[in-house]
Amino acid sequence: MKSLIKKAEESHFLSKPEIIRLLEDNSINDELFRAADRVRKKFVGDEIHLRALIEFSNICSRNCFYCGVRAENKNIERYRLMPDEIIQLARNALSSGYKTIVLQSAEDMYYTAEMLADIIKEIKKNDTAVTLSIGERSYEEYKILKDAGADRFLLRIETTDKELYRKLHPNMSFENRIRCLKDLKKLGYETGTGCLVGLPDQTTNSLADDILFFKELDADMVGLGPLIPHKDTPLKDVKADGFWLSLKVLALTRLLLPDINIPATTAMETIHPDGRILALQSGANVVMPNVTDEFHRSQYEIYPGKKSVDYTKLEEKFKQIGRTISQNKGFRPICPLSLNPSPAGRGNNKAKALRKNMTPQEKKLWSILRNKNFYGYKFKRQHPIWKYIVDFVCIEKRLIIELDGSGHNFARTKTYDKQRTQYFESRGFTVIRFWNNEIDNNIEGVAQQILLSLRERAGRGGNK
Ligand code: SF4
């Protein structure tokens, strides 16, 4: 089992059966949590990003079985904050030093995209990032909100087990949920998803699918936590014993998606007195203090006993575990899998120029790889990764393809190529290289070799 943890720590890949084995073996928990903590430190550092959470409406059109805010619950008082109240709460948070505002609500269609766009624009007059968590909307609405300046969007899949999803979400569609997540990615949001752990009939098989789903989506954030049953929901009698399993899912998520943002959720703290700190020591790097006024905060009761965070005591607590509060907005590092973001402007401009001036061999190979033509695999060309620009990359399979002209025969260039390759391999990529004359004279052989490499990657933990 230890070798599996080592494999995950070094390659950031595990197959589904391997994930299940780790989820089911509790004798390795401490080792798993420590490995996730090392990966967190290596890829996203010791800083904790604080996101100020504003819960602006608990009026919901949905009836999720686990949620206290569900439309059919007649035992809670409903509220809806007006735009000027939301903006004022955001201003208060910003003046306290927060760098990100999270606007969260139940699925309340009272707020049109245009209305929310005006709120976002007003908040974005300050130097802040804005995250939305408002549920399912159309592509056009997501676009209006993105154009208004929203940076991130959280939409948990909750479970990738379609049958379980259908049981727990009356009149909702799993396919539409996926559509929403794909739209958000397409529009350039930093996209967050996540799952609930401890649902009735949920298996380690389906939790492994959840983790692989986060990876397949290339989620930028993953928020997860244990089910805490609410007395006014159909799941009121379910046992709340998902804490340790949640922590394991969190740790595995960190191992497999090393550079993303992962919150230590309030649900973790609510169900275990040290839950937040344990999550921060098992892969998490984000905390979301609730800055909604106390009266409304207590009415946003998606689960009972929600713990508040005392901002003034946070810094001291974090210091005790060797962590600091970040002074920036905490975006996912620009280059995949790297703590040291590439100098964005420079790298991206150079990449753009290279894309415009492709060699004939690059053009020839690109005509095969583009638009998912190559067996459905998605490739990018002239793509910046840390300080390098790679010729072609399939991010999903962590496969880099480099084309070499005769210049790569010089000793100095060979050393440089070797260093590049070592760097990529240390980040879980495989690099394959072709000479230009192979592209000219044997493109079929090149294609065959690329396919073999992709399939080999799949065998080592991909799920295609
Ligand atoms: S989980 Fe969200 S969408 Fe579902 S009932 Fe609760 S607030 Fe509404």
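The values are calculated or read from the model by the stated rules, or taken from the named source; none is laboratory data. This structure is a prediction, so every number in the text was calculated from the model and none was measured. Please note: Cβ atoms are built from the backbone with ideal geometry, for glycine as well, and neighbour counts cover all protein chains shown.
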Of all residues in the range 243-255, which are surrounded by fewer than 23 Cβ atoms within 10 Å (Cβ to Cβ) and not aromatic (Phe, Trp, Tyr)? Leu245
Check on Asp210, of a type in the set (D, E, K, R), within 16 Å of Leu155 (Cα to Cα) and touching a strand residue (DSSP E or B) at 6+ places or on another chain (Cβ under 6 Å): yes
Can you find a residue that is surrounded by 15 or more Cβ atoms within 10 Å (Cβ to Cβ) and within 14 Å of the ligand (Cβ to nearest atom) anywhere in the range 178-186? yes
Whichever residue in the range 1-33 is at pLDDT 95 or above and aliphatic (A, V, I, L, M) and, among such residues, is farthest from the chain's Cα centre (by Cα): Ile28
In the range 187-205, what residues are within 16 Å of the chain's Cα centre (by Cα) and within 13 Å of the ligand (Cβ to nearest atom)? Gly194, Cys195, Leu196
Criterion: small (Gly, Ala, Ser), surrounded by fewer than 24 Cβ atoms within 10 Å (Cβ to Cβ) and in the same structural domain as Lys74 (by TED's automatic domain parsing) - qualifying residue of Ala267, Ala240: Ala240
Would it be correct to say that Lys215 is in a loop (DSSP other than H, G, I, E, B), in the same structural domain as Lys167 (by TED's automatic domain parsing) and surrounded by fewer than 23 Cβ atoms within 10 Å (Cβ to Cβ)? no
For residues that are closer than 20 Å to Lys124 by Cβ and in contact with a Lys or Arg (Cβ under 8 Å, 6 or more places away or on another chain), scanning just the range 74-110, find the one that is farthest from the ligand (Cβ to nearest atom). Lys99
Say we look at the range 124-177 and pick out the residues that are within 16 Å of the ligand (Cβ to nearest atom) and in a strand (DSSP E or B); which of these is nearest to Val222 (Cα to Cα)? Leu154
Of the residues Asp232, Asp218, which single one is under 16 Å from Leu168 (Cβ atoms) and acidic (Asp, Glu)? Asp232
Is it true that Gly149 is surrounded by 23 or more Cβ atoms within 10 Å (Cβ to Cβ) and in contact with a Lys or Arg (Cβ under 6 Å, 6 or more places away or on another chain)? no
Leading residue by the ranking (farthest from the chain's Cα centre (by Cα)) among those in the range 59-99 that are over 30 Å from Ile325 (Cα atoms) and of a type in the set (S, T, N, Q): Asn75
Can you tell which of Arg297, Arg276, Arg254 is in a helix (DSSP H, G or I), modelled with pLDDT under 95 and more than 16 Å from the ligand (Cβ to nearest atom)? Arg276
I'd like to verify a number: residues in the range 178-190 that are out of contact with any Asp or Glu (no Cβ under 6 Å at 6 or more places or on another chain) and in a helix (DSSP H, G or I), how many? 8
Can you name every residue in the range 171-204 that is of a type in the set (Lys, Arg) and under 14 Å from Leu155 (Cα atoms)? Arg177, Arg179, Lys182, Lys185
Starting from the range 324-343, take each residue that is of a type in the set (S, T, N, Q) and list its partners that are crowded, with 18+ Cβ neighbours inside 10 Å and modelled with pLDDT under 50, counting only C-beta distances under 9 angstrom and pairs at least six apart or across chains. Ser342/Cys335
Output the residues belonging to the range 41-73 that are more than 16 Å from the ligand (Cβ to nearest atom) and of a type in the set (A, V, I, L, M). Val44, Ile48, Leu50, Ala52
